[in-house]
Amino acid sequence: MPEPTYIVLIKQVPDMDEVEFDYEEGRVDRSSAPLEPNPFDLNALEEAVKYKEELGGEVLAISMGPKQAESTLKDAIARGADEGILLHGREFAGSDTWATSLALAHAIETAGSCDIIFAGEKTVDGDTGQVGPEVAEYLDIPHVAFVSDVTKRGEKEIQVESETWGATYLKSMNLPGLITVTKDVNEPRLPSFKDKQRARKAEITTWGIDDISIDPDNLGVTGSPTRVANMEVPPPEERESLILREDPGNSVNQLLEKLDLGREN
Amino acid sequence: MSDVMVFAENNGNKIHPVSYELLGKGKELADKLGGELTAALLSGTSLPAGELIERGADRVYRGTAERLAEPIESSYREVLVQVIEEANPEVILIGATNFGRSLAPRVAMALDTSLTADCTGLDIDEEKNFVQIRPAFSGNILAHIKSRTSPQLATVRYRVFPEAGIEEGKEGEVIDVELSLGGEDTKQVEVLEERRGKKVNLEDAEVVVAAGRGLKKEEDFELIEDLASFFDGKVGASRPLVDDGWIGRAHQVGYSGRRVKPRIYIACGISGQSQHLAGMKDSDMIIAINSDPSAPIFDYADYGLVGDLYEVVPELTRQLKGE
Amino acid sequence: MKDKVIDKLVSIAGEDWVIQDLDKIEGYLYDETPEPASPKAVEEVVVVKPKDSEEISAVMELANEQGVPVIPRGAGTGLCGAAIPTEPAIILSLERLNDIKDLDEDNLMVTCEAGVPLESLFEAVDETDHLFFPPHPGDEGAQVGGLVVENAGGARAVKYGVMRNYVKGMEVVLPTGEEVQLGGKVLKNNTGYDLMHLLMGSEGTLGIITEVTLRLYPEAKETATLLVPFENRHDAMSAVPEVLKEGHVPLALEYVERKLIEESAEHLGKSWPAEEGEAFLILIITGKNEEEIFDKSETIVEVFTENGALEPLFAQRRKEQESILDIRSNIYTALEEETTDILDVTVPPAEVGNLMDEIEDLAEEYNTNIPVYGHAADGNVHPHIMNVNGEAPEYFEDLKDEIYETALDLGGVITGEHGIGETRIKNLPMALSEEERVLMGKIKEVFDPNGVLNPGKAV
């Protein structure tokens, strides 16, 4: 029987606490912040590595992005991935979640058989959480989202706790399948200095559209069903500092008028 | 095809209130598109469709299947696709709950169509395009998104739009749909157990309502919980209450506790020692309730209510609930 | 408190800013001194929150006139009871003086009011993108004024030193109400006695600092945190001088032990990243690029490995580095409930291994456990004397004295960063000569002839 394969989907994102915004130009200054693996994806990677430690097999990290995303894949290798694959090429640029999912799904098919796909619940920059379930749908495999604990690791099935419907559900899923994990699922390990040094020299495989046999018409801006019509970068709001000192009824009333809960952007 | 369909998320007992918010917004969009407002009420056991109609739905597609009693996305995806194909709406709105955010992408990919996540603004422009506004980069940017495929799906954030009001006696059509769902043997995911007591994860909460020394007794956390539950938010506390054992460590906000950055932070009876401020001052909006006008928390608040939390908090909960 | 004093305070600061209600002043009575070692606070106090030095000055004049003690107060993060009222007093909170007035990027200095929390200072300096304020005494809620009057130290003092090394200027309200300005944005100053340095470490007894000018440093382009595990305390501590001798000066070099650090991590809802090892050194390495960080780390790791280290871990992501520092900074919070007293003895850096060994012997002798962690490269560690059955053990004072004696015998001091405050007054005679103490007493009299500013503390 072949060794199981675990695939981790990883995106390189800017450190969100450091990233700066150009309010006048209405854009994100991506160069303002160091780049790092999407934090939730590190939880996904950790879960894959735990699976490998328990049942053996290989962990494959796949990312789609610019050349510099190689450093994120190298980080993944330092943290226990066996190999990193980068989908890269101008055709991929500007893809929305649908097109990204399609590309990643093609890459997963190209990589061969796969037992479990691990992804973070969302990325901190795009914040959609759509890619995981979309990949699962395209590959026609089951998925469980918002996994906060993996309670049993099996070869044919995985047992997880999933946060949904306002409660926690213990679910089992047949494999192959995909899970998206929350931060609660584990605490990603720190790499050793030795592994970190070794991974700096690791080779990252780069795949373009031909390698994964995908029609470029389904990629990038042209292939994406959605497009960003425009982007607003609202300047940070100053705190209003309104102090209300009336009787509770009136103060609350005034507060609620200010809050305008039905507010649309 | 210019109808708007709302997915009425439910757990078999109760329709999630986000569905009523979607009906309000959906009606507005349907009017602009010149179409009707419909709702998909899919559940494990049959639920009454009346309230969806009274809150604005012209037509309710209702279907039940035993497998829908459990939160399994692939089951819901099968039947929702079936209903969408039957009703043929232009726009489909789904609440951006955990379940909605997990279900919608499967549906979008199955229909090979567009999906925009976690919208906070929705509109129809002059060319009848569906404009979806959503925050990204931790809410620092707002993207205006349009689609070039049809139908167009969006998940919509909870507690952004007001609930549609009830128009008593309003009439509408209920279409009972015969759902075709594969047998048990096609199930790939199984629910083994429902576990209560969600994990306390203050860091990810959208709304945190926290109490400090102004709270007199442990039991009074009930007031705080009531307010938090309106927002589906989490309960926090300042260090002294945690040290006294009134509430678990996981609830402590501050330098030596959790650092939170919710959309709304409501500080009740918290004076705002720097220890505490370090854990919450970056919240998008801070509302402070304290009887001491000199409390430092007021310096950091967007809105400060000077008053006894025992009067102000219940009043706030009451007014929010529209009582 | 006399009505007359209250009325006068209200006329100085305004009604909202004078607080007597016990409910509302609770948070102003104690500091972070462990409860068994802490003096009991009297509750007949009034809290006043002046908005500027003018109001502070008026409060001091009133205090002298009425003979009422004034206790200046920052964030209350002190560990020696210096801010705890032990007689009826006016507690003067500096929390409203929280303005960062001038971030001078040309001179690499920042001028801010005394009530600015350390965390806000860090944020403001961080926004320049290239400057850095190194000290990290632990609780980031601490206020700048408190850091100065306590001459705080902490984790990031290895490379640039303790608080005293950063203060270049200050504005002070004297105990008698006059305002003076000391120093300025200068790096050298030989004009007469250095009163400014007298104020640093004076624990709120010689004047109320209202504003300070602090030196900043260029921010390192890259940092990484090395986490080096060892089998035991002795191995870890013996390895420290070996690395220092090689000429490596990390930004911080901290020592922690598994049980403590795991408790602290749990307290924060995190987990300690190292699976193996019982004792750990945490090093913050700085450099101008990734290459340099790796080069430095490689040579440091080599020295440690030769000296018995297990497999070192390496944190490069900012969040992961912050998390390690956070866990380290919250050990005390996690231990506080079971702690009788936290000490901060300091010995010459090369003696720290001997200090640890002797503390271990004392623990054995007293049949107890003495958790220790601290600033290994500074020779400054924190032995905790722990409660027995929830209260101070009967041997508390004896054990404390023995630890102090041990440090003194090794050429050290009884307190390296927390100060004397109230809890160590009784230990002063073993640490200072009669002559020194008399001089200090006279200095106090010169500054504060009526003895109204934080009486009974520090000297």
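Every read-out reported here was derived from the displayed coordinates using simple, explicitly stated rules and does not represent laboratory data. Note that the coordinates shown come from a computational prediction; the quantities given were computed from them, not determined experimentally. So basically every Cβ, Gly included, is an ideal-geometry build from the backbone, and we count neighbours across all protein chains shown.
Observations on the structure shown:
- For the segment A:123-135, counting C-beta atoms of other chains within 10 Å of every residue's C-beta and taking the mean gives 6.
- In the stretch B:83-157, GluC sites (Glu not before Pro) in a DSSP loop with at most 11 other beta-carbon atoms within 10 Å: B:Glu126, B:Glu127
- Neighbour counts of other Cβ atoms within 10 Å put B:Met280, C:Met386, A:Met231 in the fewest-to-most order A:Met231, C:Met386, B:Met280.
- One equal scatterer on each Cα of the stretch B:202-320, no solvent, Debye formula: the resulting log10 I(q)/I(0) at q = 0.09, 0.12, 0.15 Å⁻¹ is -0.18, -0.33, -0.53.
- In summary, the convex hull built on the alpha carbon positions of chain C has an orientation-averaged projected area of 21.7 nm².
- Each residue in A:Cys114, C:Cys80 was given a count of other beta-carbon atoms within 10 angstrom of its own, and listing them fewest first yields A:Cys114, C:Cys80.
- 3J(HN,Hα) along the stretch C:64-74: 5, 4, 9, x, 9, x, 10, 10, x, 9, x Hz, from the Karplus curve 6.51 cos²θ - 1.76 cosθ + 1.60 with θ = phi - 60°, whole Hz, x for Gly and Pro.
- The stretch A:5-223: C-alpha gyration tensor shape, a/c 1.5 cut-off, then a/b vs b/c: rounded
- Annotation note: trypsin sites (Lys or Arg not before Pro) in the stretch B:241-323 located in DSSP loop regions with a Cβ neighbour count of at most 13 within 10 Å are B:Lys321.
- Sorted by Cβ density within 10 Å, fewest first, the residues A:Ser251, B:Ser138: B:Ser138, A:Ser251
- Sequence ranges B:99-112, A:83-96, ranked by mean other-Cβ count within 10 angstrom, highest first: B:99-112, A:83-96
- Shielding by partners for peptide B:267-279, expressed as the average number of C-beta atoms from other protein chains within 10 Å of each residue's C-beta, is 5.
- In this structure the amide hydrogen of B:Val174, modeled in the peptide plane, comes within under 5 Å of the amide hydrogens of B:Val60, none closer than 5 places in sequence on its chain.
- Order by protection proxy (mean Cβ within 10 Å, highest first), peptides C:232-240, C:301-309: C:232-240, C:301-309
- Per-residue ³J(HN,Hα) for the stretch B:137-154, Karplus 6.51 cos²θ - 1.76 cosθ + 1.60, θ = phi - 60°, Hz, x for Gly and Pro: 6, 6, x, 7, 10, 10, 9, 9, 10, 10, 10, 10, 10, 9, x, 10, 9, 9
- Two-decimal ratio, the stretch C:3-93, of alpha-carbon radius of gyration to 2.2 N^0.38 Å: 1.05
- Long-range amide H partners of C:Glu211 with built H, under 5 Å: C:Ala114, C:Glu171
- J(HN,Hα) series, the stretch B:214-228, from Karplus relation 6.51 cos²θ - 1.76 cosθ + 1.60, nearest Hz, glycine and proline x: x, 7, 8, 9, 3, 4, 6, 4, 3, 4, 5, 4, 4, 5, 4
- Over all pairs of different C-alpha atoms, the protein assembly as shown has a mean inverse distance whose reciprocal, the Kirkwood radius, equals 31.2 Å.
- Computed log₁₀ I(q)/I(0) - Debye formula, equal Cα scatterers, no solvent, the stretch A:1-114, q 0.17, 0.20 Å⁻¹: -0.86, -1.11
- Computed extension length for A:Arg198-A:Glu240: 10.0 nm, one decimal, from 0.36 nm per residue of separation with the Cα-Cα distance subtracted.
- Rg over Rh, two decimals, the stretch C:333-434 (C-alpha only, Kirkwood Rh): 0.94
- log₁₀ of I(q)/I(0) at q = 0.09, 0.10, 0.12 Å⁻¹ - chain B, Debye sum with one point per alpha carbon: -0.55, -0.67, -0.89
- Of all lysines in the structure, the ones whose alpha carbon falls short of 20 Å from that of A:Lys152, not counting any fewer than 8 places away in one chain, are A:Lys50, A:Lys52, A:Lys171, A:Lys183, B:Lys187, B:Lys198, B:Lys199.
- Prolate/oblate/rounded call for the stretch C:129-279, Cα gyration tensor, a/c under 1.5 rounded: prolate
- Across all Cα atoms of the stretch B:109-187, the radius of gyration (one decimal) and Dmax (whole number) stand at 17.4, 49 Å.
- Per-peptide average of other Cβ atoms within 10 Å, ordering B:153-161, C:330-338 highest first: B:153-161, C:330-338
- Take each residue in C:266-273, count the other chain C-beta atoms within 10 Å of its C-beta, and the mean is 5.
- Anisotropy class of the stretch A:137-183 from Cα gyration tensor, a/c 1.5 cut: oblate
- For the stretch C:100-218, diffusion coefficient by Stokes-Einstein and Kirkwood Rh (Cα), 25 °C, 0.890 mPa s, µm²/s: 172 µm²/s
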